[in-house]
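Visitor: Would you mind keeping the following structure in view while I ask a few things?
The values are calculated or read from the model by the stated rules, or taken from the named source; none is laboratory data. Everything quoted here is computed from the prediction, not taken from an experiment. Glycine gets a Cβ as well: all are built from the backbone with ideal geometry, and neighbour counts include every protein chain shown. Ligands, DNA and RNA are excluded from the accessible area calculation, which covers all protein heavy atoms including side chains. Shrake-Rupley method; radii C 1.70, N 1.55, O 1.52, S 1.80 Å.
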Amino acid sequence: MIALVAGLSHSLLVGGPPTRTGGARCASSPCMAESPRKLRVGLVGGGTVGGGIVTILEGARELQASLGVDVEIATICVRDKAKPRDFPLPAGCAVVDDVEEILGDGSIDLVCEVMGGTTLAKEVVMRSIADGKHVVTANKALIAAALPELQEKLAEANAKQVLGSEGKFGFEAAVCGGIPIIHALQRDFLGDEVSQLSGIINGCTNFILSNMAQGGLSYSDALKEASALGYAEAAPRRRRLATRHPPRHTSPPHAASPRLLADPTLDVGGFDARSKLKILIKLAFGTDVGERVGGRGTVKLLGVAKRDGGDPRAAPPLPSLTPPPLVFRRDGDRLSAFVSPCFVPTSNTLASISGATNAVQIGSANLGSTVLVGQGAGRLPTANSCVSDILDI
């Protein structure tokens, strides 16, 4: 089997242990409270993931009661509030098209950002943190580009808070959709030493390579099928975000913040997987790596579209290749990271991962090999991770 694998290896912990950003659940589960704690949420983005968040939360009232929390979706900010939604709005929920109606609302306890992009989205997240609000995001691009800056802003804001009232920041949905890889690295591996990570962390490319290897499709036909099923989009274009009122601060106008919509180049070029890998490296090893092409301290990148003229079938047959998916080198305290199509031996767990499924394999001193498998994208898988963060807060 051939798969687009993202991997890294390391012999020493670099830059300190991973930082835990989530809150703690009760020691016993479920935990009951005499009076549920009200949590008012402002949802920025009412599309696929936003609708999934509303659907899951509204269907989990009994669970919320058992956890001693009452989550209220108070406001949803969308691009076009006149557009019909494909999910039922919660009672009393306001739909607005000006994000200031969420950012400027002091009664909002938590801001959940699922709009995407790195300009307005960053402004929303940074201001919410600065104002002492909890923040949950599914924004992979933002986390990959600005996680250290966001963590610094969170620490700065929390230093001004009374002990026990600190803001929390969750981003489980930013990597691999519904797979709880972020929580695993933040919590379950704190007493362990991670030595390597590898995985299939882009559903579009795995779907393409699976159909080429198992279905005999050409690269172009597999990409077309992936596009038709929503795993990739053939025509990249840009939208501009607008607000009814100018923002009450000195940042650039929202209308000048273009948002790049789905582009298959991000998938087949390996850029999406590289952004996810960068986040995992930060959590596993506490160090930052660059996303620019070439140079020291960067992730080596080879997408599926560059494999022997764009067709992985042109590569030599599996028996002539020996590298396993964990193609890493240890050299003192150096870290090696790459994103590339790899031949995977059938004896490896990753060889059985086909279609749009994602998987992450973690190698560590105490647990040996741990594999997390699940849906890496989609409405409910991604929304489920956001809801997990919300309830954890």
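Visitor: Using 20 Å as the cut-off for backbone N distance, which residues of segment 265-284 belong to the label zone defined by a point 7 Å from the Cα of Ser218 along Cα→Cβ?
Guide: 265, 268-269, by backbone N distance to the label point.
Visitor: Here's another thing I want to ask about it. Express the accessible area of segment 89-132 per residue in Å², computed with a 1.4 Å probe while the remaining protein chains stay in the model.
Guide: On the way: 1400 Å² over 44 residues.
Using a 1.4 Å probe on heavy atoms only, each residue of segment 89-132 averages 32 Å².
Visitor: Output the peptides 179-185, 272-278, 87-93 sorted from most to least packed, where packing is the average of other Cβ atoms within 10 Å over each peptide's residues.
Guide: Ranked from most to least packed, the peptides come out as 272-278, 179-185, 87-93.
Visitor: Using 29 Å as the Cα-Cα cut-off, could you pick out the over-long pairs in Lys140/Lys168; Lys122/Lys300; Lys122/Lys224; Lys83/Lys153; Lys38/Lys122?
Guide: Lys122/Lys224; Lys83/Lys153
Visitor: Assuming R0 = 51 Å, can you tell me the calculated FRET efficiency for the pair Val95 and Arg334, based on Cβ-Cβ distance, to the nearest 0.05?
Guide: Working: r = 51 Å, r/R0 = 1.00.
The pair Val95/Arg334 has a calculated efficiency of 0.50.
Visitor: Right, next: For Leu190 and Lys83, calculate 0.36 nm times their separation in residues minus their Cα-Cα distance, and state this gained length in nm to one decimal.
Guide: On the way: separation 107, 0.36 × 107 = 38.52 nm, distance 4.51 nm.
So the chain would gain 34.0 nm between Leu190 and Lys83.
Visitor: Tell me, what is the percent relative contact order of segment 121-237, built from C-alpha pairs under 8 Å that lie six or more residues apart? Mind dumping the intermediate values first?
Guide: Working: 89 pairs, mean separation 22.4, N = 117.
Reported relative contact order: 19 percent.
Visitor: Counting only other residues whose beta carbon sits under 15 Å from that of Ile129, what net charge do I get with K and R as +1, D and E as -1?
Guide: -3
Visitor: Could I have the simple spin-label model distance between Ser227 and Asn158, label points 7 Å from Cα toward Cβ, reported in nm to one decimal?
Guide: 4.5
Visitor: Please report the carbon-and-sulfur percent of the accessible area for segment 345-393; probe 1.4 Å, protein heavy atoms only, DNA, RNA and ligands left out.
Guide: 52
Visitor: Over segment 80-183, with every protein chain in place, what whole percent of the accessible area is carbon and sulfur at 1.4 Å, could you tell me?
Guide: Ligands and nucleic acids excluded, carbon and sulfur give 53 percent.
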